[in-house]
Structures are given as structure tokens and as C-alpha cells.
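Remarks on the structure that follows.
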Amino acid sequence: MPMKFGTAIKLVEQELLLLREDIVAGRKERWERVLTSIAHHHAYRFENVLLIEVQQPGSTVVRTEAHWNQVARKVEERTPPIYVIDGEADKTRRLAFGEHWLDRHYFSPPMVEVFDIRDTLGQWPDRPESHPGSPRGSVRELLDWTERAAARHGIDVIYDELNGSDGYSLGGVVVAERRLDCSERFLTVLSLLAEELVRACRSSASGVGNVQESLAAGCITHIVTSAVGFDPIPVPPPTPPGPDELGVVALTALVARVQTVASIILNGLQAELAEDLPV
């Protein structure tokens, strides 16, 4: 039986509560799974990332059946679909109802059926970048893409000889140690770019202005490195000052902001990941 919007929202709310409980208790496994899931599905809204992870943990590339048919892959028979919230209808709902968008008494957007690549048969897509687990481009290309992403946001990347530091950022300028090798340069510039973009978002009304920039930047670096084939950079979960000071709304705002900045970077690094997604 197809999943209804109300059921989907209940699943999202339950997963957020479990995530909050684990963070308050100091357990990091669920937090790391969420970050890894964002890495695979960053072009989806955060609610849909959670829905995908709850319904099929460990999924890597999810698309509609129509999309898989277009790339010469067939969904295996009797495969249960993964349900996500229709993106365009959801956007309309949010604009119409504002803070009441979660209220199931209002218009409910339709659900979309998607399938993980593990549940399909056929040749791999033409682009090798779409193959889960394969590195996306050379390290030199990744560094070039990261530098271009910085330039698009008005951030200068400078290489200089630093004493005892791999790099730092100064509000619109990223300075990295020139003697680092290519991989180290990529990771350093990526982390500093994340810090700059988080700082630029700090004044927004997202509810995460007081979140430590280094923590958010660490989460973003973890997501991006996972998505492009590097060993992900470990990152601890957020540590609230007290057990009652990290509500579900604040947690959602934090992760949504992290995902937004990670997507900004990934859309520059891997434009192919943002194509043909239903949401």
C-alpha cells in the first residue's frame, strides 16, 4: 500500500527524536549515518534524506523507475519502492501554509516512488561518476572545482608559506599552505570554504546562528569527502550545553543548513549528481 504524506511526516518526526536522543546521550552512530546519507542524497530535501535512510539504510543512488529505464536499467520485479515527498508540491505547500506546512489537515503533497540502484538490473550509467564507490575525478580536478566554487561565491584562494598551520580564512579570503600536496590542499581548501559559507549563512533566520562554525564546517567536509570518494573526515555530533537545549527544531535547522552548504559545494564539484532528481 502506498505511503501517505501523514505517515511520512510521522517517520521523519520519529527519526528526528531518535537522532536528538542519541546526540544528548553521546551516541554518534546515528549522527554519522545521517551525514553519510546526506552525502549520497544531498540533492533531496532533508526530510526525504531521512525517509530514504529509514526505509532503505545504506542506499546510495535512488531514482524514479522512469529514470532507471532511461539509463538502460530495470527495477527488479516485486521490489518495494522507497517513498519520498514530491518536491514541487511540497514547495507549494510550504509557500502556502508557512509554519503550518507539517499539519496533515492541510493539503498533503503526493508521494513519489524511487528505487535504489542495488534494486535495478542492467548496465551502469554512461557516466562513471554515477557508479557508487568510485572516485569522482582526479584530486587535481577536485581541487580545481573547489577553487572555482570559492570564486563563484566571491572567495579568493591564496597559497602561501605558513608557519605551523595548514590554512586559515579571513572573511572572503582562504589562505592555504603552499607546500601541501594536492590531496592536502583539497581537504584544507574544502574545509576553509565550508567555514566561509557557514559564516556567510550565520546571519540568516535559520535558527543555527549560534552553532559553532567549526562543527558545521566539519560536518560539511565529512559529507563532501564522502560524496566524492575520499575517506570521510570523522566529525563528532553536536554537543548541546544541556539535555534540554537542543530541540528538534534547532536540530533540523542545523542539519538543513549543513546540507544546504554541502549541496552548494557538491553542485559545483559534481553537477551530474543534481540531474534528473525528482525532488
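Fewest first, what order do 44, 83, 159 take by the number of other Cβ atoms within 10 Å?
159, 83, 44
For the pair residue 199 and residue 159, what calculated FRET efficiency results from E = 1/(1 + (r/R0)^6), where r is the Cβ-Cβ distance and R0 = 30 Å, to the nearest 0.05?
Step by step, r from the Cβ atoms, then E = 0.90.
Over segment 17-65, what relative contact order in percent results from Cα pairs under 8 Å that are six or more residues apart?
28 percent
How would you order 142-150, 163-171 from highest to lowest mean count of nearby Cβ atoms within 10 Å?
Most protected by this proxy first, the peptides run 142-150, 163-171.
Residue by residue through segment 152-167, which ³J(HN,Hα) values in whole Hz follow from phi under the Karplus form 6.51 cos²θ - 1.76 cosθ + 1.60 (θ = phi - 60°), with glycine and proline marked x?
Coupling constants for segment 152-167: 4, 9, x, 10, 7, 10, 10, 10, 8, 7, 10, 9, x, 9, 6, x Hz.
Just so you know, all these numbers are worked out from the coordinates, no wet-lab data involved. Keep in mind the model is a prediction, meaning the values are calculated, not measured. Every residue, glycine as well, gets a Cβ built from its backbone with ideal geometry; the counts of neighbours run over all protein chains shown.
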